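Report on the structure given below.
We did not get these values from a lab; they are worked out from the coordinates using the rules stated. Computed from a predicted structure; not experimentally measured. Positions of Cβ are generated from backbone atoms using ideal geometry, with glycine treated the same way; all protein chains shown enter the neighbour counts.
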Amino acid sequence: MEAVSDKYNAVVVAKQALTADLFIMKVKPDKPLAEFISGQYVLLGMSSNVPRRAGCEPEFKESKPDRMVLRAYSIASSGLEPGLLEFYISVVSNGALTPRLAGLQPGDRLMVGDKIRGFFTLETVPKEHKTVILAATGTGLAPYVSMMRRHAVHPYPFRFVILHGAPRSWELGYLEELRLQSRYLSRVAYVPSITRTKEDPWWTGESGRITKYFQSHLLRDKLEVELDPAKTSIFLCGNPAMIHEVGETLAPLGYTAYTTQTPGSLHTEEYW
């Protein structure tokens, strides 16, 4: 009988640990996937027979033996490196897949889905919009990393404001890369912010939750951004609570959610 692991079709080629629970992983499929659009996602999978990382909480729902555990992950790579996919991953202590992915090392194998999907892309932004706000918590930054990497080579016709929130500065993945891009790419502003300042006393940047930028005049006063759904598109990715809170703040301004049936200026992607 064929084992689930026989369906593995990709290999880990690099892994960078940012913290014990946060890492960047590069994966090479055996056969290159079709070209994708920055902001899209793909399924990653591992056999449930693979042990979860020691010290994790029990699985929220225990996996049956020899089953493929699948989850969707946004792609951080730009697509300009054929055959290589990059992922920004946070370990969910009671999760089924991330405690297994955490144990992977270069040379280990896993499954990558054969289709890349999703509409959380800049191609959905109306051409008349001048500004795009890309707001994320945690690993919700991944699709924006892909977008900015592509923007560096094939510029989009928008001004970008990237808001990224994390508990501490060492959990601001891609911090230096985005700082360089904001310095050398035209029309890109990057605002990282942390919430646990007492645990990170050497941080000299912004502090507080990124929701504050939508609940005050900070965007207008500091970055000259007008929250107008006819001019400015907003992307929210990450914690569902952040997305809900910002959505409620923006609703009175006329922002409505984008769908393929009813296009709006508010684009969301929740990470649980």
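Let me have the 222 nm mean residue ellipticity of the chain computed from DSSP H runs of 4+ only, each contributing -39500 (n - 2.57), with the sum over all residues rounded to the nearest 500.
-4500 deg cm²/dmol
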Lysines whose Cα lies under 30 Å from that of LYS212, excluding same-chain neighbours fewer than 8 positions away:
LYS127, LYS130, LYS198, LYS222, LYS231
The answer for the net charge of residues other than GLY238 whose Cβ lies under 15 angstrom from its Cβ, with Lys and Arg +1 and Asp and Glu -1, is -3
Under a crude label model (7 Å from the Cα following the beta-carbon direction), how far is GLU245 from ASP114 in nanometres?
4.3 nm
Toy charge model, Lys and Arg Cβ at +1, Asp and Glu Cβ at -1: the chain dipole around Cα centroid in debye, rounded to 20, equals 280 debye
How many nm is it between the label spots at TRP170 and THR262, if each spot is 7 Å from the Cα in line with the beta carbon?
4.6 nm
Hey, can you rank 234-246, 207-219, 131-143 by average C-beta count inside 10 Å, highest first?
131-143, 234-246, 207-219
Based only on Cα atoms, what mean projected area does the convex hull of region 122-270 have, in nm²?
8.5 nm²
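So if R0 is 35 Å, what FRET efficiency would SER216 and ALA72 give, r being the distance between their Cβ atoms, rounded to the nearest 0.05?
Step by step, r from the Cβ atoms, then E = 0.55.
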